[in-house]
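First up is the structure itself, then whatever we jot down about it.
The values are calculated or read from the model by the stated rules, or taken from the named source; none is laboratory data. In this text, all values refer to a predicted model and were calculated from it rather than measured experimentally. Don't worry about glycine lacking a Cβ; one is built from the backbone with ideal geometry, like all the others, and counts go over all protein chains shown. Only protein heavy atoms, including side chains, enter the accessible area calculation; ligands, DNA and RNA are left aside. Shrake-Rupley method; radii C 1.70, N 1.55, O 1.52, S 1.80 Å.
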Amino acid sequence: MADNVNLHEIEKKWQKIWEEKKVYKSIEDETKKKYYVLEMLPYPSGRLHMGHVRNYSIGDAIARYMRMNGYNVLHPIGWDAFGLPAENAAIKNKIHPREWTFSNIEYMKSQMKKLGFSYDWDRETATCVPEYYKWNQWFFLKMYENGLIYRKYSTVNWCNSCQTVLANEQVQNGKCWRDGTPVVQKKLEQWFIKITDYAERLLEDMKHLGDWPERVLTMQKNWIGKSHGALVRFKIDGSDEEIEIFTTRIDTIYGANAIILAPEHTLVEKLISNAPDREKVEDFIERMRNQSKLDRIGDTTKEGYFLGHYAINPFNSEKLPIWIANFILVDYGTGAIMSVPAHDSRDNEFAKKYNLPIKQVIFPKDGENVDGELFEDYGILKNSGEFSGLDSKSAMEKMAKYAEEKGFGRATVTYQLRDWGVSRQRYWGTPIPVVHCEKCGIVPVPYEDLPVKLPPVEEIDYKGGSPLENVEDFVNTTCPKCGGRAKRDTDTMDTFVDSSWYFLRYTDSKYDKLPVNGEKVKYWFPVDIYIGGIEHAVMHLIYMRFWWKMMKDIGLIEGEDEPVKKLLTQGMVIKDGAKMSKSLGNVVDPDEMIEKYSADTCRIFILFAAPPERDLDWSDFGIEGSHRFLMRVFRIVDKYSEKVKELQVNIDYSKLDKRCQALLRKTHQVIKKVTEDISERLHLNTAIASIMELTNELYLFENEGISEYDLPLFKNVVENLLKILSPFAPHITEELWHKIGHNTFLVDEKWPEYDSDLAREEETEIAIMVNGKLRDKIKVEPDSEVEDVFNLAIKSDKVSKRLEGRNIVKKIFVRNKILNIVVK
């Protein structure tokens, strides 16, 4: 019978039962400890890929494990459904993006159900429905009221292919993160969220993120980029204008040889207004604007242009030429720097290219002369007026204080983090809820008029910029303030807005009074474990932290300082040494694998092949091995299911023979190992390996014959085996659980407890060393004392002959691991 088992039918059977019985529905219960398992919500691109399968299989195993350990588990899913792919597909296929999106959601949802993921589908939400994006608009208005959103002209990253603005985080190696189109610079009026107001809190609150990968925290710290330094104002010679620069090395200011501005700096237009070479300067500026920001600050060739003006160094009154250069960005610092080529490699390269003077003012503390060489370390000041002789640290404090006393500067802290530009010139996104009135200016849409819905369109038209500009019925409206004619804002919001708070909406996805139900957020939060890719470290994972803090500040929620306790960044699924992609022809289709083997087989392989945080190299041989393992489990349990179905199990270890005792000990050892692997280390791969070992032990036990006397123990072992395997392979274990006489769902069963005495190894291996060199390995009882181990060790010929005629100086003992006998 087992050889003819149809795993697909078993899986369909239990998926139907679970759905009908609402087995995975979660309800708030104050009498239970809660546990919130969250995977990053998918974009409905059309089909799940193996990266999805891995992410969701990890989360599902944890959710099932925690529920069996008595927790009230929240395990939701939804759809990050706005965005460019839907819009591009709509243009290509001449269908509405909504139709494309919901068709994909329907298919991907069916794939998730085929894989048996334990989601509470009653909490499902899609970010593209008005019931969701209404609240994006609500947040926009709240932030606008609180001074956290503003509009200004700015130079933005622009993708000509996507016809939209990209955030700094969305530019990768100078190209659009979506399609690889080279990014250019463009000046547009944009909406910005003042995330910079939260820079210090985002840094400070990292102390609460002890269970986040250090790599992610480092990436966020670098992106926020806190710098201690000083602001210094340089007067422009012959003008009332001043140029303000930020420097972390005010101690080098006597070595400044120029002031360099970003080509887009607001003063540049004034400085070149009467320049005889104005046309050449403007050509240079335009060329620089069309270079991507990452190219400009990377290893690209330094380019500059002298503007014919000078600035006065306030410390020594020297005249410094004012340049513009490609490697200075207007939105970093103040958009201007003092160039100190003796002490900065970038400035050094620029100075040498344009034959600017190089003056050393910092020297090594050891007195070694490096005059003429680049010296970027701290040291002792020379050629620095009254500050000569000071060390760099003392000088920086005194010079910043001096600048403040004289009224041309001060010590300060700056951040590399920029405000979040959220305007996008696309159709398929959240409309921005403001109108532009000739009389009243910018007027927010009243809360009671939300949502501002996307208008239906037959064709997405980009003429003139945003597609919404071409929908007259949408654009033309009345001013909520004066009742006069007005026009709607035609930009839509960055889709990272959608994903910054979706995980709170899951707590009550149908709530219609506010974006979230505060009481339910209070019960379920913080998220206990969040699972997703490392690529979101400086986009989504910063934005969602900010959003949580903003929601607390406006009084919408209460809770801890951070929304997520533990972050797990799972590795990629690769094949033939490369990330799976259609262009490389190495894509593995989950549907094909489910059809060929089973959903449980896919889950077991994807969890067994590598630890969650590491990349997984796909192996056809490996998935076949996972399938064989599950069939072995099915065969041995199915074979004896009728015999054990009615048995009542009550095991007394002392009454078992040695063979049965050994199997029971192995069972408890495996329960202990699996429990610790999941709860302490999240090593799901080694947990499955241990379950495979126990299955092998069952077969060895069977090989010696299973008598009526053995059947109660056999059932006990099988029950425990099915329980600890169920988080990884829920369908086959549910089927076998019922075959052996149970009528409950495994996810509602209590996770098995191990007996500490039984779980102890009968013997442990100790390395015996003499003077630090390994001489033998011996078996001893666990936790043996040093003298007991020594007495056994000297019975070994390999050890005893090394001790003959020598005095034992001391014994270095590490319990259960090493005995090192030191002799002379």
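Sub-6 Å Cβ pairs linking a first residue in region 225-243 that is farther than 15 Å from GLU404 by Cα to a second residue that is aromatic (Phe, Trp, Tyr) and surrounded by 13 or more Cβ atoms within 10 Å (Cβ to Cβ), at least 6 apart or interchain, are GLY225/TYR415; LYS226/TYR415; ASP237/TYR310; ILE243/PHE234, ordered by first then second residue. With respect to ASN88, determine if the residue is assigned to a helix (DSSP H, G or I), out of contact with any His (no Cβ under 7 Å at 6 or more places or on another chain) and surrounded by 22 or more Cβ atoms within 10 Å (Cβ to Cβ). So ASN88 fails the test. From the residues in region 240-270 that are more than 18 Å from ASN313 (Cα to Cα) and not acidic (Asp, Glu), which one is surrounded by the fewest Cβ atoms within 10 Å (Cβ to Cβ)? Only one residue tops the list, namely THR266. Taking the criterion of being surrounded by 13 or more Cβ atoms within 10 Å (Cβ to Cβ), in contact with a Phe, Trp or Tyr (Cβ under 9 Å, 6 or more places away or on another chain) and outside any strand (DSSP E or B), the residues of region 763-817 that qualify are VAL786, VAL789, PHE790.
What are the residues in region 401-430 that are in a loop (DSSP other than H, G, I, E, B), out of contact with any strand residue (DSSP E or B) (no Cβ under 6 Å at 6 or more places or on another chain) and of a type in the set (Phe, Trp, Tyr), if any?
Taking region 401-430 as the starting set, the residues that turn out to be in a loop (DSSP other than H, G, I, E, B) are 407-408, 416-419, 422, 425-430.
Adding the requirement that they be out of contact with any strand residue (DSSP E or B) (no Cβ under 6 Å at 6 or more places or on another chain) leaves 407, 416-418, 427-428.
TYR427, TRP428, listed by residue number.
Listed residues LYS596, LYS565, LYS579; which is free of Cβ contacts under 8 Å to residues at least 12 places away in the same chain, more than 29 Å from GLU87 (Cα to Cα) and open to solvent by 40 Å² or more (accessible area, probe 1.4 Å)?
Working: LYS565 fails: free of Cβ contacts under 8 Å to residues at least 12 places away in the same chain; LYS579 fails: more than 29 Å from GLU87 (Cα to Cα).
Only one candidate qualifies: LYS596.
GLU39 - would you say it is open to solvent by less than 10 Å² (accessible area, probe 1.4 Å) and out of contact with any strand residue (DSSP E or B) (no Cβ under 9 Å at 6 or more places or on another chain)? Please lay out each step first, then the result.
Working: open to solvent by less than 10 Å² (accessible area, probe 1.4 Å): yes; out of contact with any strand residue (DSSP E or B) (no Cβ under 9 Å at 6 or more places or on another chain): no.
For GLU39, the condition - open to solvent by less than 10 Å² (accessible area, probe 1.4 Å) and out of contact with any strand residue (DSSP E or B) (no Cβ under 9 Å at 6 or more places or on another chain) - is not met.
Of the residues TYR107, TYR119, only one is among the aromatic types (Phe, Trp, Tyr) and touching a Phe, Trp or Tyr at 6+ places or on another chain (Cβ under 9 Å); which? Quick ask: steps written out before the conclusion?
Values: TYR107 fails: touching a Phe, Trp or Tyr at 6+ places or on another chain (Cβ under 9 Å).
Exactly one of TYR107, TYR119 is among the aromatic types (Phe, Trp, Tyr) and touching a Phe, Trp or Tyr at 6+ places or on another chain (Cβ under 9 Å), namely TYR119.
Once region 473-521 is narrowed to residues that are touching a Lys or Arg at 6+ places or on another chain (Cβ under 6 Å) and of a type in the set (Gly, Ala, Ser), the residue that is surrounded by the fewest Cβ atoms within 10 Å (Cβ to Cβ) is GLY484.
Here is the figure for region 683-711: residues that are closer than 15 Å to VAL649 by Cβ and either open to solvent by less than 40 Å² (accessible area, probe 1.4 Å) or at pLDDT 95 or above (or both) total 3.
Applying the set (1) farther than 25 Å from TRP548 by Cα; (2) surrounded by 17 or more Cβ atoms within 10 Å (Cβ to Cβ); (3) modelled with pLDDT under 90 to SER161 leaves exactly one unmet item: (2).
Looking across region 183-204, the residues that are modelled with pLDDT under 85 and over 18 Å from ARG426 (Cβ atoms) come down to GLN185, LYS187. All of GLU613, GLU642 fail the test of being more than 30 Å from VAL53 (Cα to Cα), open to solvent by 10 Å² or more (accessible area, probe 1.4 Å) and not aliphatic (A, V, I, L, M), apart from GLU642. The lone criterion from (1) of a type in the set (Lys, Arg); (2) closer than 13 Å to ARG54 by Cβ; (3) open to solvent by 20 Å² or more (accessible area, probe 1.4 Å) left unmet by ARG603 is number (3).
Give the residues of region 705-740 that are of a type in the set (Phe, Trp, Tyr), outside any loop (DSSP other than H, G, I, E, B) and farther than 14 Å from ARG659 by Cα, sorted by residue number. Explain how you work it out, then say what you get.
Taking region 705-740 first, the residues of a type in the set (Phe, Trp, Tyr) are 709, 714, 728, 737.
Then drop every residue that is not outside any loop (DSSP other than H, G, I, E, B), which leaves 714, 737.
Residue satisfying the conditions is TRP737 alone.
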